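See structure below.
The values are calculated or read from the model by the stated rules, or taken from the named source; none is laboratory data. Keep in mind that what you see is a predicted model, and the values were worked out from it rather than measured. Note that we place each Cβ from the backbone using ideal geometry, even for glycine, and neighbour counts take in every protein chain shown.
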Amino acid sequence: MTLRHLVIVLGDQLDLQASAFDDFDPAQDRVWMAEVAEESTHVPAAKPRIALFLSGMRHFAQALREQYGPIVDYTRLDDADNSGTLAGELRRTLARHTPAGLVMTAPGDWRVLQALRAVATECRLPLEIRDDRHFFSTVREFAEHAQGRKQLRLEYWYRALRQKHGILMEGDAPVGGQWNFDADNREAFGKEGPVNLPAPQRFAPDAITREVLDLVQARFADHPGHLDSFGWPVTRAQALQALHDFITHRLPLFGRYEDALWAGEPWLYHSLLSAALNLKLLQAREVVQAAQDAWRAGHAPIEAVEGFIRQILGWREYVRGIYWTQMPDYLERNALEAQAPLPEFFWTGDTDMACLRDALTQTLTHGYAHHIQRLMVTGLYLLLRGVKPQEAHAWYLSVYVDAVEWVELPNTLGMSQYGDGGLMASKPYIASGKYIQRMGNHCKGCRYDPAQSTGPTACPYTTLYWDFLMRHETLLASNPRMGMQVRNLARLTPDKREAIRAQAQRLTPE
Ligand SMILES: Cc1cc2nc3c(=O)[nH]c(=O)nc-3n(C[C@H](O)[C@H](O)[C@H](O)COP(=O)(O)OP(=O)(O)OC[C@H]3O[C@@H](n4cnc5c(N)ncnc54)[C@H](O)[C@@H]3O)c2cc1C
Ligand code: SF4
């Protein structure tokens, strides 16, 4: 047959309603999907993340075949002549079929876009890239919003999107009389911890997933992470069940305990929807709508619903805009000139720091940690320790099931590591061990003391916090939002400063 379009579908584009399918005609078009090793090895992807993408892709190919017939050109990871790269596989396919053109929904990764464009140019084929309707905004809209601004803050972008899309609005005013209920969303659990925590729905692997788990275990045996408790949604039907489960059982308390930590409790009241959203098994619009409906029905309070919607309509759209307007230079930024390597124990969880051990262990077990663990436990430690942002980025991109570069990189390099020098965050997110003590119960079971910055029981966070302030004192003194922390630093005696410096050096021997 004469082939009109070869429609490229990547592992994070598992949506039958995507723009790439707008005019899809099974009589003259084909779909191209490829499992390639490079996507799991350009950073050493953790096993749960590889398994999620491969299983999601195989289920999606099956859904495509059910809808359109045998129109999918699918390369499996273990196919004998798999070249191992997206570019190589596309080239091989184009040697067999000559379509009039290539079509795809805009990809989430700058590197992948360059690779596919290069093949299209080499094969002299037009590559049509269509807007990704999954998102509320386009990158063009964000670029217009960003024009002329030195700093890009979430709040104004979020408000503009709420107004434009009429979300949590009463006419021109925000419902509840305020845009942001952040101040109500910072509670810690009481002494007794989370009571009657609803267990999130997990999904037992079906035959397709079991085959993928075996493949990943065999092929990527030396990659980090474990597969024993793999239970992520891998189909649209499962993703919808996961959404329903969250809205029904956890949304009402999502806001109040959004920033809380608790030892041995990886999920708390979080949605666990990021992977399903990022693979496009769920639409951002339907998730936001479901939360808004829950508030209108009186099922969840405004601070929970606004807090949740802000993460998706606000942060998620905002970091995507940052990524696509700042790449590729963004990847190289290192405003604090941090040069330390990633600590080896980030790949094993083998540390005495109870908060960090918990966050790392659950990350390796499930491919998941909630936002405050990523920002204020793992991220904070790397920032205070002066780890190179690019090393931090490679780690976060490797280990989380929801990691795709457009969302991971701005969160890591910008928000968490201050590598962009304040483009995204108005100040470095730094704190001592006392913050972690306030937000959870880890310190009770830890051999360190968050109140101590020197001595044998000094909490490494607290030592490194003061050391960070000293190392960057001049820079931080010029930031009005750091005033109190810099003033506290000025109260330290020269002897105390010296003792902290020496202790910090012992902690960071590299
Ligand atoms: C260093 C660092 C790295 C991160 N890497 C990723 C990543 O690779 N992929 C990813 O999806 N998120 C990332 N995040 C953002 C956030 O931590 C995760 O989206 C969240 O923890 C996922 O869990 P959840 O679905 O239970 O989220 P919830 O707490 O239930 O939040 C609801 C949804 O809001 C969205 N969201 C929340 N916070 C953010 C944010 N800061 N940026 C963008 N979207 C957000 C997610 O889609 C999430 O599913 C990172 C954050 C930090 C600090
Ligand atoms: S004492 Fe320090 S290292 Fe230990 S749990 Fe508390 S914050 Fe973490």
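Any chance you could count how many residues in the stretch 306-353 are of a type in the set (S, T, N, Q) and either in contact with a strand residue (DSSP E or B) (Cβ under 8 Å, 6 or more places away or on another chain) or within 16 Å of ligand 2 (Cβ to nearest atom) (or both)? Walk me through how you get there before you give the answer.
Filtering the stretch 306-353 down to residues of a type in the set (S, T, N, Q) leaves 311, 325-326, 334, 339, 348, 351.
Those left that are additionally either in contact with a strand residue (DSSP E or B) (Cβ under 8 Å, 6 or more places away or on another chain) or within 16 Å of ligand 2 (Cβ to nearest atom) (or both): 351.
The number of residues fulfilling the criteria is 1.
Taking strands (runs of 3 or more DSSP E) that do not extend beyond the stretch 61-143, which have at least 3 residues that are aliphatic (A, V, I, L, M) and touching a strand residue (DSSP E or B) at 6+ places or on another chain (Cβ under 9 Å)?
Details: elements: 72-75, 101-105, 127-130.
Correct list: 101-105.
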- Query: Is one or more of the residues making up the stretch 448-463 within 22 Å of the chain's Cα centre (by Cα) and surrounded by 21 or more Cβ atoms within 10 Å (Cβ to Cβ)?
  - Reply: no
- Message: Being over 29 Å from HIS165 (Cα atoms), within 15 Å of ligand 1 (Cβ to nearest atom), more than 12 Å from the chain's Cα centre (by Cα) and crowded, with 22+ Cβ neighbours inside 10 Å: is that true of GLY419 here?
- Response: yes
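Which helices (runs of 4 or more DSSP H) sit wholly inside the stretch 346-403 and have at least 3 residues that are closer than 20 Å to PHE230 by Cα and either modelled with pLDDT of 95 or more or under 15 Å from the mean Cα position of the chain (by Cα) (or both)? Spell out how you get there, then give the answer.
Working: elements: 354-366, 379-385, 389-399.
Output list reads 354-366, 389-399.
Scan the stretch 349-365 residue by residue and report those that are buried (at least 23 other Cβ atoms within 10 Å of the Cβ) and either near ligand 1 (Cβ under 8 Å from one of its atoms) or not polar (S, T, N, Q) (or both).
Residues of the stretch 349-365 that are buried (at least 23 other Cβ atoms within 10 Å of the Cβ), as a first pass: 355-356, 358-360, 363.
Of everything in the stretch 349-365, those that are buried (at least 23 other Cβ atoms within 10 Å of the Cβ) and either near ligand 1 (Cβ under 8 Å from one of its atoms) or not polar (S, T, N, Q) (or both) turn out to be CYS355, LEU356, ASP358, ALA359, LEU360.
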- Task: Any residue in the stretch 116-137 that's free of Cβ contacts under 8 Å to residues at least 40 places away in the same chain: show its pairings with residues that are surrounded by 19 or more Cβ atoms within 10 Å (Cβ to Cβ) and assigned to a loop (DSSP other than H, G, I, E, B) at Cβ separation under 9 Å, as long as the two are six or more apart or on different chains.
- Result: LEU125/PRO99; ILE129/ALA106; ILE129/PRO107
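Within the stretch 445-465, is there a residue that is away from ligand 2 (no atom under 16 Å from the Cβ), in contact with a Lys or Arg (Cβ under 6 Å, 6 or more places away or on another chain) and either over 30 Å from ALA284 (Cβ atoms) or part of a helix (DSSP H, G or I) (or both)?
Going residue by residue through the stretch 445-465, those that are away from ligand 2 (no atom under 16 Å from the Cβ) are none.
There is no residue in the stretch 445-465 that is away from ligand 2 (no atom under 16 Å from the Cβ), in contact with a Lys or Arg (Cβ under 6 Å, 6 or more places away or on another chain) and either over 30 Å from ALA284 (Cβ atoms) or part of a helix (DSSP H, G or I) (or both).
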- Task: Please give the number of the condition ARG111 fails out of (1) of a type in the set (D, E, K, R); (2) closer than 20 Å to ILE302 by Cα; (3) touching a His at 6+ places or on another chain (Cβ under 8 Å).
- Result: (2)
- Query: So is GLY56 modelled with pLDDT of 95 or more, under 19 Å from VAL212 (Cα atoms) and not in a helix (DSSP H, G or I) or not?
  - Reply: no
- Message: Against the definition (surrounded by fewer than 21 Cβ atoms within 10 Å (Cβ to Cβ), in contact with a Lys or Arg (Cβ under 7 Å, 6 or more places away or on another chain), small (Gly, Ala, Ser) and farther than 30 Å from GLY264 by Cβ), how does SER426 come out, yes or no?
- Response: yes
- Of the candidates ARG250, ARG285, ARG202, the one satisfying the condition of being basic (Lys, Arg) and within 11 Å of ligand 1 (Cβ to nearest atom) is ARG250
